[in-house]
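All remarks here apply to the structure that follows.
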Amino acid sequence: MAKHETPLLDQLESGPWPSFVSDLKQEAAARAKNEKKVEYQIPQDVVEDLLGVLELSYKDGTTHWKHGGIVGVFGYGGGVIGRYCDQPTMFPGVAHFHTIRVAQPSGKFYTTEYLRQLCDLWELRGSGLTNMHGATGDIILLGTTTPQIEEFFYELTHNMNQDLGGSGSNLRTPADCIGQARCEFACYDTQDLCHTLTNEYQDELHRPAFPYKFKFKFDGCPNCCVASIARSDMSFIGTWKDDIRIDQDAVQGYVKGEFKPNAGAHAGRDWGPFDIQKEVIGLCPTECMKYENGKLTIDNRECTRCMHCIKVMPRALKPGKEKGLSILVGAKAPILDGAQMGSLLVPFVKVDKENGYAEIKEVIEAIWDWWMEEGKNRERLGELIKRQGFQKLLEATNITPVPQHVQEPRTNPYIFWKEEEVEGGWERDVNEFRKHHLR
Amino acid sequence: MELAEAKEKIVDALTKKAKTKSKFYFNDLSEILELKPRDAKKLVNKLVEDEVLEYWSSGSTTMYGLKGAGKQAAAEHED
Amino acid sequence: MAFISSGYNPDKPMENRITDIGPRHFEEFYPEVIKKNKGKWLYHEILKPGVLVHVAESGDEVYTVRCGGARLMSVTHIREICEIADKHCDGHLRFTTRNNIEFMVDNKAKIDPLIKDLESRKFDGGSFKFPVGGTGAGITNIVHTQGWVHCHTPATDASGTVKATLDELFTDFQTMRMPAHLRISMACCLNMCGAVHCSDIAILGFHRKPPMVDHAYLDKMCEVPLAIAACPTAALKPKKIDLDGGTVNSIEVNKNRCMFCGNCYTMCPSLPLADKEGDGIVLMVGGKVSNRISAPKFSKVVVAYIPNETPRWPTMTAQIRNIVEAYAKDARKYERLGEWAERIGWERFFGKTGLEFTHHLIDDFRDPAYYTWRQTTNFKF
């Protein structure tokens, strides 16, 4: 028998999509039953009370959580978000209900052994409820009490060799796409770069000294499956410099209908027979492709690597061999001055694992030095770039301006010339001027 | 800068302002120390470890305060 | 229940402390076929909705079965996922960025038993535990935020709006009839910790009432300068208030400047803003993050307000269905929702979807607003 009546939430149990309400109820029942005789370290009926307070929100249309300032384990400035219920008497099980962020492994591959260990630990010391995963990428563990935070962290590090993720004004847990692990489009090893930089910058991740949050995301190609270009202060997007590789026989395979275009992604509707002119050549944004006499040609110098053709004919076309990544900076959600997409800073850099990604780290650290000194409190990198100008970013990173940096040159002539750029400097003798121009 | 000097400067400055506020941005601390952020960070980290300073977080932003100072700890019944 | 010590000594927090070890190394978790063929994949194909094959240079194949999942997940449910992975996938699995679960097998013959197993599992309430789908030109899982389950500033629930929407669009999770893939995202307040601003369709919670001020308690619970500094539009200022014969330090809200973000409530619980009638949903459309054919785009607001109709938000799901159908019917193959709207023109978008255009949809927030007005005589009647 449920502790609280939940007539509104119960209506979210029907329908085909997995019901979080059913799952919560299943967990509440499992804790009540406690077949494994777990010595729960937080209230056994925590999930019942979560259902209760959520039902109340569904009834009165408002949240019942308050924010708290608890930030983490000793010496860390992030990884835990304090959370308190504003109806603690009605729902004592969730009166204190703090969130823990656990740094996810790159690529989000798991073994069941690892997940089970994490489940056992979280069942003992927390609510047994999780998010797999949070928006930034972390494993999110929902709901525990203050005394359990250090105990949880001790077991997490000692028994699972696993650390917390980031929150607050620090480097947030970096995240990557599946990359070369299982994707033919990936132009570099996103998992290795993500993992290497995450470990390199542990101090930045755990001990906040930035003006605000800072996010890294790693996309293996311009398809941007982890949306790095829209939501990371530094976005690392795989690309290539040389020619798209063409297998003409496979092109014929698509033309003749032997292979499904776009890897079969459109199979749910009859779009008619595949038409290479209309679907590939005609949609190429730079018009750099031709299909004549049964042969596909690409003017690669004009290609901007949007990958439409490669996505439509993955068996026939592959990115070039000279691979690397582009770095875009300053993306963020709209709060406050409007959303910003990442702006191109480094058009191409080789992804060199052998030298520990030295060129990439150089750019990162130059940006941090600039932002830490010049950034206002709660100013994201993108906002600093807007406030001080793209030129300042180029100066800070010692990168030479190239036309690739802009969509178009400026439409106003209000150039802030520097004195050293102007012949003869700015100091002049007004008396000398007056010899030729009367007052 | 020596740790002892840093501690004195921080404790002095934060205590003076304690009447109006108890939480400060990292930038405020580097200004008090008159150091570049990266150099200030080393000392601030140590002051956290020595339990002189503690963190406070809004989830998105982190602030620093003297350990135990401020009103919210009491409001959360965590003290 | 007795306290169980982990070994941590609160009197000496630094004793035996392990820190800065980061996440576990990804290679520990790779299935064998992934480890062997990493970086050597030739091509992939979607065999049917939710089922992918990737073929490697070595000739090896990996078959992936993708299932939807609620991102709010219990340990009981995760253990069931583990049981499935042990039974079919040698104890390996992965999650996608969009909260799907992927089970991988190295042999075609293993697919059908796996799918059969997945599809046979249902919650007591009747919903699927592991619906297979979410591939290609369809609608995959909705990424979302915490909502009323766990957040202090939401203007709606996240899990509930997502469940209601995906129930409505479920057949499109399991089919691929769209002109291109269609990504839906949900964030429960305008701070968008879920960064939904580049989605084909974004569901966004929104407050419409400025915070109330709890004068009697504010000075006891909050620090006035911190609360004031938290306001991004400088709508708050300190004020002495006469209360019960005395004077208290408090805050005055310039209500016309408030953008309803709730940042002040984060710093000060005496400034609550949630409200049953004030809060609701904004719909935004036409964003994308891929660089395919056209550059990434931001989503645009097309519905300014839908009330929170718990528990199933029928007006919201009907509007979403309406947008999806107009797009599915009218867009060309490969065309994303935003590309379609731009090709036909936003005036046609409102015509074809039947959505009402109101003054709320015209940007008036700071600099970027001007660039969204029409500076040409080229428009459609």
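Identify, from the list A:Gly143, A:Gly179, A:Gly126, the residue that is within 30 Å of C:Ser290 (Cβ to Cβ), touching a residue at least 60 places away in the same chain (Cβ under 8 Å), surrounded by 24 or more Cβ atoms within 10 Å (Cβ to Cβ) and of a type in the set (Gly, Ala, Ser).
A:Gly179
Exactly one condition in (1) farther than 24 Å from A:Thr190 by Cα; (2) assigned to a loop (DSSP other than H, G, I, E, B); (3) out of contact with any His (no Cβ under 8 Å at 6 or more places or on another chain); (4) without any contact (Cβ under 8 Å) to a residue 24 or more places away in the chain is not met by C:Ser58; state its number.
(1)
Go through the stretch A:198-244 and report how many residues are assigned to a loop (DSSP other than H, G, I, E, B) and among the aliphatic types (A, V, I, L, M).
4
Given the structure, is A:Gly168 in a loop (DSSP other than H, G, I, E, B) and more than 7 Å from every other protein chain (Cβ to nearest Cβ)?
No: the conditions fail for A:Gly168.
Out of the residues in the stretch A:131-162 meeting the condition of being in a loop (DSSP other than H, G, I, E, B) and either in contact with a Phe, Trp or Tyr (Cβ under 9 Å, 6 or more places away or on another chain) or among the polar types (S, T, N, Q) (or both), tell me which one is farthest from the other protein chains (Cβ to nearest Cβ).
A:Thr144
Name the pairs: first residue in the stretch B:12-33 and farther than 23 Å from A:Met372 by Cα and away from every other protein chain (no Cβ under 11 Å), second residue aliphatic (A, V, I, L, M) and assigned to a loop (DSSP other than H, G, I, E, B), Cβ to Cβ under 9 Å, at least 6 apart or on different chains?
B:Thr15/B:Ala69
Testing C:Thr247 on (1) touching a Lys or Arg at 6+ places or on another chain (Cβ under 6 Å); (2) surrounded by 20 or more Cβ atoms within 10 Å (Cβ to Cβ), one condition comes back false. Which one is that?
The failed condition is (2).
Identify all residues within the stretch C:102-149 that are of a type in the set (A, V, I, L, M, F, W, C), within 20 Å of C:Ile203 (Cβ to Cβ) and in contact with a helix residue (DSSP H, G or I) (Cβ under 8 Å, 6 or more places away or on another chain); write none if there are none.
Residues satisfying the conditions are C:Ile139, C:Ile142, C:Trp148, C:Val149.
Per-residue answers, yes or no, for (1) surrounded by 20 or more Cβ atoms within 10 Å (Cβ to Cβ); (2) under 27 Å from the mean Cα position of the chain (by Cα); (3) at pLDDT 95 or above:
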{"residue": "A:Ser19", "(1), (2), (3)": "yes, yes, yes"}
{"residue": "A:Gln44", "(1), (2), (3)": "no, no, yes"}
{"residue": "A:Asp49", "(1), (2), (3)": "yes, no, yes"}
{"residue": "A:His64", "(1), (2), (3)": "yes, no, yes"}
{"residue": "A:Val71", "(1), (2), (3)": "yes, yes, no"}
{"residue": "A:Arg83", "(1), (2), (3)": "yes, yes, no"}
{"residue": "A:Arg101", "(1), (2), (3)": "yes, yes, yes"}
{"residue": "A:Phe109", "(1), (2), (3)": "yes, yes, yes"}
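Yes or no: C:Tyr327 within 8 Å of another protein chain (Cβ to nearest Cβ), of a type outside the set (Val, Ile, Thr), crowded, with 20+ Cβ neighbours inside 10 Å and part of a helix (DSSP H, G or I)?
No: the conditions fail for C:Tyr327.
Just give me the residues in the stretch C:134-156 being more than 7 Å from chain A (Cβ to nearest Cβ), within 22 Å of C:Leu271 (Cβ to Cβ) and in a loop (DSSP other than H, G, I, E, B), in sequence order.
C:Gln146, C:Thr153, C:Ala155, C:Thr156
Which members of the stretch A:86-97 meet the condition of being within 10 Å of another protein chain (Cβ to nearest Cβ) and surrounded by 24 or more Cβ atoms within 10 Å (Cβ to Cβ)?
Residues satisfying the conditions are A:Val94, A:His96, A:Phe97.
The values are calculated or read from the model by the stated rules, or taken from the named source; none is laboratory data. Note that this is a predicted model, so its numbers are computed, not measured. Neighbour counts run over all protein chains shown; Cβ positions are idealised from the backbone, glycine included.
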